[in-house]
Amino acid sequence: MAVQNWTDILKSSKKTALISDGKRKIHYLFTDGKEMSEEYDLKTDELIVRKWRHKSTLGDQGPWQVEVGEPLAGPDTSLDSEVIKENCSNPVLMRKDTKNSFQWRIRNLPFPKDVFSVSAEPSDRCIVVKTSNKKYYKKFNIPDLDRNELPLENSAVNFSHANNTLIISYKKPKEILTLELELLKELKKLKGTDEGDVDCKTQ
């Protein structure tokens, strides 16, 4: 079963825990050299950040890629105020999960709710967002479902719109809820330090 396979991969990874700034920070080093970093709120146990890092073909560490949480700022930040102003008005997609749902926020979408259409496309394994005025179109997948080879259900999708932000929710399947509970129990058993670098030392 794919869910069990991913569970086994998580359990077999080398994990380092760090308690800092009210967060439980976990660094995973997998047998294939990939790294995953997660941050959980100590009070609510909610996942705040998940990001991945892969080694390049030359063996160098690649940049972190954010899966959950605020996107990382790019290394090349333009000092041109006009460019910054334009970028700030562009739609920004970020994922911020809740206990029972995967959730995405797309900021800077100043259209009424009835303009939006949000649906799951099982054949493409992605969520599709589009507008009837053809001003916005976006496709994105749900890595958690892909890793566990779970089906994408259109009935699990719903959305709302407020303050120029589209909020898309996907109800977590029971397999994911069970996995997250089991993982959290394991993570709480890790002896977390309150100082130092959370990264595992790689060879």
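In segment 7-50, which chymotrypsin sites (Phe, Trp or Tyr not before Pro) fall in coil by DSSP and have 16 or fewer other Cβ atoms within 10 Å?
In loop regions of segment 7-50 (DSSP not H, G, I, E or B), the sparsely surrounded chymotrypsin sites (Phe, Trp or Tyr not before Pro) are Phe30.
Keeping the other protein chains in place, figure out the carbon and sulfur percent of the accessible area of the chain, with a 1.4 Å probe.
50 percent
What GluC sites (Glu not before Pro) does segment 2-63 have in DSSP loop regions with at most 14 other beta carbons within 10 Å?
Answer by residue number: Glu46.
If you count only protein heavy atoms with a 1.4 Å probe, what accessible area per residue comes out for the chain, rounded to a whole Å²?
Averaged over the residues of the chain, the accessible area is 61 Å².
Just in segment 24-73: which trypsin sites (Lys or Arg not before Pro) are loop by DSSP and have at most 15 other Cβ atoms within 10 Å?
Of the trypsin sites (Lys or Arg not before Pro), the ones in loops of segment 24-73 whose Cβ has at most 15 other Cβ atoms within 10 Å are Lys34, Lys43.
What is the dipole size for the chain, taken about its Cα centre, with +1 at each Lys and Arg Cβ and -1 at each Asp and Glu Cβ, in debye to the nearest 20?
420 debye
The values are calculated or read from the model by the stated rules, or taken from the named source; none is laboratory data. Keep in mind the model is a prediction, meaning the values are calculated, not measured. In this analysis, Cβ positions are derived from the backbone assuming ideal geometry, glycine residues included, and neighbour counts consider all displayed protein chains. Each accessible area value is taken on the protein alone, full model and side chains, heavy atoms only, with ligands, DNA and RNA left out. Shrake-Rupley method; radii C 1.70, N 1.55, O 1.52, S 1.80 Å.
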